[in-house]
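Here is the structure we will look at, set down as structure tokens.
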Amino acid sequence: MNRFHQHLQRDLQMQGVGMTSQRTRERLVQRLVDQGVSNQQVLDLISHIPRHLFLDEALSHRAYEDTALPIGHGQTLSQPYIVARMTEVLIGAAAKLDKVLEIGTGSGYQTAVLSRVATDLYSVERIKPLQDRARQVLRQLSISNVRFHHADGGFGLPKLAPFDAILSAAAPAKVPEDLKQQLGEDGVLVIPVGENEQVLKLIVRKGDTNEFHEQILEPVKFVPLLQGVTR
Ligand code: SAH
């Protein structure tokens, strides 16, 4: 294959063909609207970011269904609805999104969405091969404002704190105190919490005090926030 064909193939892959076409994506966006997602910026991002690139080829024909899908290592690519919802909540609640922390890079799909609303995004993943793959896909999409960290995100990134916003894509049994402490002035944390029964929580620091306003948004289902890292 010569360079021209390589580029052509890449362009087709990026646009998505057949089941991954723009029309299929528009149908997904309509479903999200029907479920109550209303932030236009978020809807535009979902309609433009090629979710099929974050999946194994064997699953890419299902990329625009509104479901979580396996990405290996016992982990899942989050359901588009929840990615949209969490991003919408973050945009609505945060005073600014200059410096944002994501916990649980996974496939990198939520990372790609967040990278378009944050100025600088830090994304932590405990499973090295998932991180490597996500980094590759984001590079392919020319996304360059993301710094990847291989670490246990339950402790946040203390050396890089404070953050304007923190989003976790994995659920701890209870909200880690470290994450709250790494919020800057009026900083917001969006995080699923709980073991069998989980809820999505929005936690907002009151100004520069050590007081937090906590709100339960809705029931959710996430993979657990695990301890330690794996190679
Ligand atoms: N938004 C991602 C969700 C992936 S699932 C996507 O759409 O692909 C959640 C991810 O959190 C998994 O990749 C899992 O390995 C990671 N994770 C779980 N506990 C973690 C921890 N303590 N630190 C960092 N990442 C963690």
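The values are calculated or read from the model by the stated rules, or taken from the named source; none is laboratory data. Note that the coordinates shown come from a computational prediction; the quantities given were computed from them, not determined experimentally. Ideal geometry is used to build each Cβ from the backbone, glycine not excepted, and the neighbour counts take in all protein chains shown. Accessible surface areas use protein heavy atoms only, side chains included; no ligands, DNA or RNA. Shrake-Rupley method; radii C 1.70, N 1.55, O 1.52, S 1.80 Å.
In the assembled protein chains, HIS48 presents an accessible area of approximately 120 Å² (probe radius 1.4 Å). Sorted largest first by accessible area at a 1.4 angstrom probe radius, with every protein chain in place, the residues ARG231, ARG135 fall in the order ARG231, ARG135.
Above 25 Å lies some portion of the pair distances; for the chain, what is it as a whole percent of all C-alpha pairs? For the chain, the share of Cα pairs beyond 25 Å comes to 38 percent. Helical runs assigned H by DSSP (4 residues or longer) give the chain a calculated mean residue ellipticity at 222 nm of -9500 deg cm²/dmol, each run adding -39500 (n - 2.57) before division by the residue total. Total lysine pairs in segment 69-220 at Cα distances under 17 Å, for residues eight or more apart or on different chains: 8.
Each of LEU202, SER144, ALA95 was scored by the projection of its Cα onto the charge dipole of segment 69-220, and the greatest displacement toward the positive side belongs to SER144; charges sit on the C-beta of Lys, Arg, Asp and Glu.
In the assembled protein chains, LYS206 presents an accessible area of approximately 100 Å² (probe radius 1.4 Å).
The mean sequence separation of alpha-carbon pairs under 8 Å and at least six residues apart, normalised by the residue count of the chain, gives a relative contact order of 15 percent.
Charge tally for ARG139 (other residues, Cβ to Cβ under 12 Å; Lys, Arg +1; Asp, Glu -1): +1. Working from label points 7 Å from Cα in the Cα-to-Cβ sense, the GLU218 to ARG27 distance is 2.1 nm. Of the whole protein surface, LYS201 contributes about 40 Å² of accessible area at a 1.4 Å probe radius.
Ordered by 1.4 Å accessible area with all protein chains kept, TYR122, TYR109 run largest first as TYR122, TYR109.
Our note on the geometry: Cα centres of segment 165-203 and segment 99-135, 16 Å apart.
The angle between the Cα long axis of helix 22-34 and the main principal axis of the chain comes to about 30°, on a 0 to 90 degree scale.
Comparing SER168, GLY184, LEU77 along the charge dipole axis of segment 69-220, the residue lying farthest to the positive side is LEU77, per the Cβ-charge model. Remark: the chain carries a charge dipole of roughly 740 debye about the Cα centre, counting +1 on each Lys and Arg Cβ and -1 on each Asp and Glu Cβ. Anyone know which of GLY106, GLY74, GLY36 comes out most mobile in the 10 Å Cα GNM of the chain? Fluctuation is largest for GLY74.
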